[in-house]
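**Student:** Structure incoming, see below.
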Amino acid sequence: MVKKVPCTVVAGGFWGDEGKGKIISYLALKDRLDFCVRTGSVNAAHTIWFEGKRYALHMVPGGFVNQKCRLLVAAGANVHVAQLLREVEQTGVKNRLGVDGQASVIEEKHSAQDKSSEHLRGLGTTGWGVGPAIEERVRRTAKLAKDVPELASYLADVALETNRAIDSGKEVLLEGTQGVLLSLFHGSYPYVTGRDTSASAICSEVGVGPTRVDEVVLVFKSFVTRVGTGPLPEEISKEEAIKRGWFETAAGTGRDRRSAPFSFELARRAAMVNGATQLAVTKLDCLFPECQGLREYDRLPVEAKRFLERIENETKVPVSLIGTGANAQDLIDRRG
Ligand code: IMP
Ligand code: MG
């Protein structure tokens, strides 16, 4: 495996909350990312621990932890202006953020529509209004970023910048949100989000063609979680989840996350649909507590190694990054 790659896509393998934020922040520092491009919308929260502080970012790209990294929001993204500006303040990235003028804008009315729709409530949406906002975009009546005065100083041609960056050999990361099982096309419809969340869709939102991508890092957690309604095979009770140390609440909405054991079958399909070239497996320490904080593969207990080998055998994709704790640096990096 090659360590330094010009263009990497990071996508989620299950129902979101796999730990993409952690993986992205690690890569941003380790691979000295030059560009990090955020797709999707405000419904996603990427949790990042950096210098002892926890960030739950809904809009600012996770690459912010690297001071040199240019941060972009894709044309296909859906921007919540107030949330973006709050996070810009919080992360201090004003001078290195760019928002594509063609990105659509999510407004208060969309959230109201989301929350008052019995149908959408029944799907267990986050309530941010992403479904209604994208409906508007499809109807071609949506407001775009270029029409918002507060965003004037941030406007950028993200497709052009990103492709130029790739041309000149810069380190570029395209940041996906949620997971493939929440994809409008490939997920458990209708219990999905309002857009395709697969690796190809991430590229499409940015305006980067499939031939320009070198690595697709698909992120799995060591167990499966989902928030909202819809099927979750082999779901365990909240009590059982607490007992196993798997119980989580959503970074964005604070709701309980439902949980289930790792599914090799779902992982296989996710690897296929995303064209994964590498896998990241996070929270290995929740499955095997002895792994907590380890940074060397050889020191993993044999059962943990067996678990990872089985993932590789089933998906035919190497596990290159293994999360062993909350901090960006609690990670085993098997690349190159
Ligand atoms: P919406 O995306 O807010 O419309 O919600 C649709 C479904 O996607 C619901 O089941 C949400 O819980 C789920 N969802 C949306 N964003 C996320 C996320 O970032 N993590 C986990 N689930 C999400
Ligand atoms: Mg999340």
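The values are calculated or read from the model by the stated rules, or taken from the named source; none is laboratory data. Note that this is a predicted model, so its numbers are computed, not measured. Reconstructed Cβ throughout: ideal geometry from the backbone, glycine too, with neighbour counts over all protein chains shown. Calculation scope for accessible area: heavy atoms of the full protein, side chains included, ligands and nucleic acids excluded. Shrake-Rupley method; radii C 1.70, N 1.55, O 1.52, S 1.80 Å.
**Student:** Just the residues that are touching a residue at least 40 places away in the same chain (Cβ under 8 Å) and either under 16 Å from CYS36 (Cα atoms) or open to solvent by 20 Å² or more (accessible area, probe 1.4 Å) (or both), please, taken from segment 61-78.
**Tutor:** Within segment 61-78, the subset touching a residue at least 40 places away in the same chain (Cβ under 8 Å) is 61-63, 65, 69-70, 72-78.
The answer is PRO61, GLY62, GLY63, VAL65, CYS69, ARG70, LEU72, VAL73, ALA74, ALA75, GLY76, ALA77.
**Student:** Could you figure out which of (1) open to solvent by 20 Å² or more (accessible area, probe 1.4 Å); (2) touching a strand residue (DSSP E or B) at 6+ places or on another chain (Cβ under 8 Å) isn't true of GLU175?
**Tutor:** Among (1) open to solvent by 20 Å² or more (accessible area, probe 1.4 Å); (2) touching a strand residue (DSSP E or B) at 6+ places or on another chain (Cβ under 8 Å), the lone unmet condition for GLU175 is (1).
**Student:** Just give me the residues in segment 64-104 being within 25 Å of GLU135 (Cα to Cα) and of a type in the set (A, V, I, L, M), in sequence order.
**Tutor:** Passing the criteria: LEU72, VAL73, ALA74, ALA75, ALA77, VAL79, VAL81, ALA82, LEU84, LEU85, VAL99, ALA103.
**Student:** A further question on this structure: Taking SER41 as the residue in question, decide whether it is within 16 Å of ligand 1 (Cβ to nearest atom), among the polar types (S, T, N, Q) and farther than 17 Å from THR162 by Cβ. Even if it seems obvious, please write down each step before you answer.
**Tutor:** Working: within 16 Å of ligand 1 (Cβ to nearest atom): yes; among the polar types (S, T, N, Q): yes; farther than 17 Å from THR162 by Cβ: yes.
Here the answer is yes, as SER41 does meet what is asked.
**Student:** Testing GLU51 on (1) open to solvent by 20 Å² or more (accessible area, probe 1.4 Å); (2) at negative phi, one condition comes back false. Which one is that?
**Tutor:** All conditions are met except number (2).
**Student:** Only one of these is within 16 Å of ligand 2 (Cβ to nearest atom), open to solvent by 50 Å² or more (accessible area, probe 1.4 Å) and not in a helix (DSSP H, G or I): THR229, THR253, THR225. Name it.
**Tutor:** Working: THR229 fails: within 16 Å of ligand 2 (Cβ to nearest atom); THR225 fails: open to solvent by 50 Å² or more (accessible area, probe 1.4 Å).
Among THR229, THR253, THR225, only THR253 is within 16 Å of ligand 2 (Cβ to nearest atom), open to solvent by 50 Å² or more (accessible area, probe 1.4 Å) and not in a helix (DSSP H, G or I).
**Student:** ASP196 is checked against (1) acidic (Asp, Glu); (2) part of a loop (DSSP other than H, G, I, E, B); (3) surrounded by fewer than 16 Cβ atoms within 10 Å (Cβ to Cβ) and fails just one. What number does that condition carry?
**Tutor:** Evaluating ASP196 over (1) acidic (Asp, Glu); (2) part of a loop (DSSP other than H, G, I, E, B); (3) surrounded by fewer than 16 Cβ atoms within 10 Å (Cβ to Cβ) leaves (3) as the failure.
**Student:** Let me ask another. Of the conditions (1) without any contact (Cβ under 8 Å) to a residue 40 or more places away in the chain; (2) part of a helix (DSSP H, G or I); (3) touching a helix residue (DSSP H, G or I) at 6+ places or on another chain (Cβ under 8 Å), GLU240 satisfies every one except a single condition; which number is it?
**Tutor:** Unmet for GLU240, out of (1) without any contact (Cβ under 8 Å) to a residue 40 or more places away in the chain; (2) part of a helix (DSSP H, G or I); (3) touching a helix residue (DSSP H, G or I) at 6+ places or on another chain (Cβ under 8 Å): (3).
**Student:** Against the conditions (1) under 30 Å from CYS7 (Cα atoms); (2) free of Cβ contacts under 8 Å to residues at least 60 places away in the same chain; (3) of a type outside the set (A, V, I, L, M, F, W, C), where does GLN292 fall short? Just the number, please.
**Tutor:** (1)
**Student:** Just give me the residues in segment 199-222 being part of a helix (DSSP H, G or I) and open to solvent by 40 Å² or more (accessible area, probe 1.4 Å), in sequence order. I'd like the intermediate steps shown before the answer.
**Tutor:** Our first condition is that a residue be part of a helix (DSSP H, G or I); within segment 199-222, this holds for 199-206, 210-212.
Those that are part of a helix (DSSP H, G or I) and open to solvent by 40 Å² or more (accessible area, probe 1.4 Å): SER200, SER204, PRO210, THR211, ARG212.
**Student:** Considering segment 31-55 alone, what residues qualify as being of a type in the set (Val, Ile, Thr) and either touching a His at 6+ places or on another chain (Cβ under 7 Å) or within 24 Å of LYS170 (Cα to Cα) (or both)?
**Tutor:** Across segment 31-55, the qualifying residues are VAL37, THR39, VAL42, ILE48.
**Student:** Looking at segment 8-25, can you tell me whether even one residue there is at pLDDT below 95, open to solvent by 10 Å² or more (accessible area, probe 1.4 Å), over 24 Å from GLU135 (Cα atoms) and hydroxyl-bearing (Ser, Thr, Tyr)?
**Tutor:** Checked against the condition, which is being at pLDDT below 95, open to solvent by 10 Å² or more (accessible area, probe 1.4 Å), over 24 Å from GLU135 (Cα atoms) and hydroxyl-bearing (Ser, Thr, Tyr), segment 8-25 yields no hits at all.
**Student:** I would also like to ask the following. Picking from ALA304, ALA271, which residue would you name as being touching a strand residue (DSSP E or B) at 6+ places or on another chain (Cβ under 9 Å), open to solvent by less than 20 Å² (accessible area, probe 1.4 Å), in a helix (DSSP H, G or I) and free of Cβ contacts under 8 Å to residues at least 24 places away in the same chain?
**Tutor:** Going through ALA304, ALA271 in turn, just one is touching a strand residue (DSSP E or B) at 6+ places or on another chain (Cβ under 9 Å), open to solvent by less than 20 Å² (accessible area, probe 1.4 Å), in a helix (DSSP H, G or I) and free of Cβ contacts under 8 Å to residues at least 24 places away in the same chain: ALA304.
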